[in-house]
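Down below is the structure, laid out as structure tokens.
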Amino acid sequence: MKTNLIEYEIMREDIDELIYQSYLDALLAGDRTQCASIVHKLMAAGANLKDMYIQLFQRSLYQIGEMWEMRLISVAVEHLATAITERMLSLVQAQVFDGPLRSQSIIIACIAGEHHQIGARMAADLCELLGWRCYFLGANTPLPDLLQLIEERRPTMLGLSLCLGSRLPTLFKSLDTIRSASPDLPILLGGQAFRRGGMAAAQAYPNVSCLSSLDELEQRIRSHEQ
């Protein structure tokens, strides 16, 4: 049964199941206005931004992706939910960038041929929220351009996102080239592609780690600061 947040006043800072289900229902219905209302109310109530990213945005997109895989929803519904989520990220972005930056930096990009960027964007926002300077390159980043930016910016870390398992060979070729040019640069990999394999092969590269969630990304970022 669908829930309705219009009559539900958010009085707490946490994101409980009722709030989540209301947001998911609105997302599935393509109701951008209702999604924005929920996000605005959470922000006004002082909800933790990291919790919003993990418990609201990431969780709902994962569930919608699973629904699409089970053929419970169409590609159009999945694409609309993704587009609405990107709009919601824009709503909270001013707060993400509010605060002092530390000296650490990270480049985050989707490899060449990978056009799904929302997961990488959420990872980039989380790094900014944690105080790191992030250079987010978005979808389908050509390898020569990525190598040039690594050379110019000398980041503390590099993050690569991959959603489609069919692009794993491209990822491995990219890792070979990046490792040759920057052998000591820590590389973090993430994305839905690793749910079906490839993680062991990727982590066989020196100083390369696969992360399965934004929580793991936060732990890695914080541990690097110590």
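Go through the range 41-87 and count every residue that is in contact (Cβ under 8 Å) with a residue 12 or more places away in the chain, outside any helix (DSSP H, G or I) and among the polar types (S, T, N, Q).
1
Each row is one residue, and each column tells you yes or no for (1) surrounded by fewer than 19 Cβ atoms within 10 Å (Cβ to Cβ); (2) assigned by TED's automatic domain parsing to the domain that holds GLU218; (3) within 23 Å of GLY131 (Cβ to Cβ); (4) modelled with pLDDT of 90 or more.
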site: MET1; (1), (2), (3), (4): yes, no, no, no
site: ASN4; (1), (2), (3), (4): yes, no, no, no
site: GLU9; (1), (2), (3), (4): yes, no, no, no
site: GLY30; (1), (2), (3), (4): yes, no, no, yes
site: LYS41; (1), (2), (3), (4): yes, no, no, yes
site: LYS50; (1), (2), (3), (4): yes, no, yes, no
site: SER60; (1), (2), (3), (4): no, no, no, yes
site: TRP68; (1), (2), (3), (4): yes, no, no, yes
site: SER74; (1), (2), (3), (4): yes, no, no, yes
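Would the range 79-91 turn up any residue that is within 16 Å of the chain's Cα centre (by Cα), basic (Lys, Arg), within 25 Å of PHE57 (Cα to Cα) and assigned by TED's automatic domain parsing to the domain that holds THR33?
Yes, there is a match, as at least one residue in the range 79-91 is within 16 Å of the chain's Cα centre (by Cα), basic (Lys, Arg), within 25 Å of PHE57 (Cα to Cα) and assigned by TED's automatic domain parsing to the domain that holds THR33.
Where in the range 118-226 are the helices (runs of 4 or more DSSP H), entirely inside, with at least 1 residues that are loosely packed, with under 13 Cβ neighbours inside 10 Å and modelled with pLDDT under 95?
168-181, 199-203, 214-225
The values are calculated or read from the model by the stated rules, or taken from the named source; none is laboratory data. What you see is a predicted model; the values in this text were computed from it and never measured. Reconstructed Cβ throughout: ideal geometry from the backbone, glycine too, with neighbour counts over all protein chains shown.
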